[in-house]
Structures are given as structure tokens and as C-alpha cells.
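Student: Provided herewith is a single structure, encoded as C-alpha cells, for subsequent inquiry.
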Amino acid sequence: EAVVGRDGKVSEVRLKVTIESGTQEPAAGEDAGPPVGRRLVVCGASARSLPKMDMLGLCDPFLEVSWGGGDVAKTGVRKSCLNPDWSERIALPWAPSPEDAAEVGVRVLDWDAGSKSDLVGCAKVPAEQVRALLGGP
């Protein structure tokens, strides 16, 4: 569903999402911890024409990516930007098999100093589509 801001513009968010298998080096923000099987990796995220969220007509956006309502990974905040690009690589532990795959959620938030971040928009990839990507039924 499109996100329409106070200025009437429609926004677009793009993500490059992959599933990695086997033991990999930890992504930024990850602990080395035990060996990792599969994980969801998001890199190369961008947004265009985000709504004006601040009093100055700008936005301080960041992304939250989650799966199954559990683990959440965040990008950095891009200050005063309506067309952000996020180059960082974020990763989440993944289901051990296609049958265990869960819904993937993406939220765009506007960071605010001293108060709770405001929701700009969100999207979900249903578990059925995630299972199809993983080669499940």
C-alpha cells in the first residue's frame, strides 16, 4: 500500500533482500555468537519521495526489518532527507527450514530527538511468499 504524506506525495521504498545459508562473517551490529545457519540480509535499501514529517518539512528516516514478529534490525538514521539511501548491511537469524518461515515486516520511521519516532509507513511480505522464496511448499 502506498504511503501518502501530508503534502499528498506517494512514497516508494526499495530493498534488496537475500537469504544466506551456511556460516558467514557477522553483519554490522551482529554478535559473532554461535554459527549461523540461514539469515535474512537486507542491503541497498532506498526510499523516494518520503512525506514531510518535521516542522521544517523534512524527515529523519530509518528502517526496521523484522520477521515473525521477533528479531528486529535497524538501519541508521538519515537526517533531513526525503530520498534516503542506506548502504549498511543488516541481517536477522532465519528459520531453519522453509516450513518454519514467517512473515517479514518493514517499517519506515521518522526519528525525533527526545520523543518517540513517528511511523512513516510499513509493509509486510506474507509467510507464504517467504516460503516460496526459500523453496518450500
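Derivation of every value follows stated rules applied to the coordinates shown; laboratory data play no part. Nothing here was measured: the structure is a model prediction, and the numbers come from that model.
Student: Show me, for region 47-58, the HN-Hα J-couplings you get by feeding each phi into the Karplus relation (A = 6.51, B = -1.76, C = 1.60, θ = phi - 60°), rounded to Hz, glycine and proline as x.
Tutor: Each residue of region 47-58 in turn: 9, 10, 6, 5, x, 6, 10, 9, 4, 8, x, 10 Hz.
Student: Still on this structure, please answer the following. Amide H to amide H, which residues 5 or more places from Gly121 or on other chains are under 5 Å from it, using H placed in the peptide plane?
Tutor: Under 5 Å from the amide H of Gly121 lie the amide H atoms of Val108, each far enough along the sequence or on another chain.
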